[in-house]
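Step one of this worksheet: look at the structure below.
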């Protein structure tokens, strides 16, 4: 099977300092070719430097985008900084339209520690991992250490160009304001990626996003689960085989969906008053199931046993409270109705997500305080 890939050499990108117009034109031309899948030469773990504001502005079209992907005002804080590539974003998930398949991207990466702070989008607290086009980056000698980043809040001395400011909202929408960002425009900046396109799993490995062992484990278990859903006979023995294989490969039981709150009964609410930096323990799956209805929801918020279940029993620190986020499909700002927090280093690993395995988007999981407990300090 032909991969039909185009690999963008970072020496071409670095050459943009000498001939920016020519290189940017070639990059944009290649990105607009829907028949190709443009993969940057960068790999996970590479050290890069974010170009300066003026250099980046020169790469954007009249809507502030490259190939439909906007460069947002929140990203200006990273200009001139050196960061490590966390993952090559050759694919992603579409959380807005929930179309049941992954999406592929051209010439895009995620940088470690570069999350949107929402400062130009009404204070959205989702902290999405930012998408970076290769045209906005340049390679750095691997002998140099990355600069330690301060919080990504642009200083007041950094002016936000009008082209970027205009792109933060849907034109003409005032009541309510409809926001526009990388997350809301992700569908139009990507192309469909069916689960059976094996190129994506090859790229998971060669880009350094995942090891070969990890990719084999995830795909083998996904194949077993898919077979189990459709097997015409022998369901029970095949289910036993699937669960035994899962325990052998992961060291834990397979995820289960077993909400305990009966239909018509309100799910319990807990308010621990958690604050940023507090150490908490994620409750056992059995304890959490007692707070969930049959759809695995608690007061309207879903608990995903597949991606959140593996964290049960672990300790983590509270990253922040979440009170409002932008709805990706409409651009509306949504207010959280109950206490909700995100935890440091606790995000979707996409090991079980149907049709979008190994997605590198690393979306933070939202946790009801009913699913957590404080870890007593030494003084307590």
Checklist entry - Has the stretch 232-241 got any residue that is surrounded by 15 or more Cβ atoms within 10 Å (Cβ to Cβ) and either touching a strand residue (DSSP E or B) at 6+ places or on another chain (Cβ under 6 Å) or touching a residue at least 12 places away in the same chain (Cβ under 8 Å) (or both)? => result no
Checklist entry - Any idea how many residues of the stretch 276-286 are assigned to a loop (DSSP other than H, G, I, E, B) and out of contact with any strand residue (DSSP E or B) (no Cβ under 8 Å at 6 or more places or on another chain)? => result 1
Checklist entry - Counting just the residues of the stretch 77-101 that are in contact with a helix residue (DSSP H, G or I) (Cβ under 8 Å, 6 or more places away or on another chain) and crowded, with 24+ Cβ neighbours inside 10 Å, which one comes out nearest to residue 350 (Cα to Cα)? => result 91
Checklist entry - What pairs can you find where one residue is in the stretch 116-133 and in the same structural domain as residue 346 (by TED's automatic domain parsing), the other is buried (at least 24 other Cβ atoms within 10 Å of the Cβ) and assigned to a loop (DSSP other than H, G, I, E, B), and their Cβ atoms are less than 9 Å apart, with a gap of 6+ or different chains? => result none
Next on the checklist: Taking the condition of being touching a residue at least 60 places away in the same chain (Cβ under 8 Å) and in a strand (DSSP E or B), how many residues in the stretch 322-337 meet it?
Outcome noted: 4
Item to check | Subset of the stretch 274-294 [within 12 Å of residue 368 (Cα to Cα) and in contact with a helix residue (DSSP H, G or I) (Cβ under 8 Å, 6 or more places away or on another chain)] | outcome: 274, 282, 283, 288, 291
Next on the checklist: So residue 29 ticks every box in (1) more than 23 Å from the chain's Cα centre (by Cα); (2) modelled with pLDDT of 95 or more but one. Which box is left unticked?
Outcome noted: (2)
Next on the checklist: Looking at the structure I just gave you, is residue 356 in contact (Cβ under 8 Å) with a residue 40 or more places away in the chain, under 24 Å from residue 199 (Cα atoms) and not assigned by TED's automatic domain parsing to the domain that holds residue 189?
Outcome noted: yes
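The values are calculated or read from the model by the stated rules, or taken from the named source; none is laboratory data. These numbers were taken from a predicted model, which means no experiment stands behind them. Ideal geometry is used to build each Cβ from the backbone, glycine not excepted, and the neighbour counts take in all protein chains shown.
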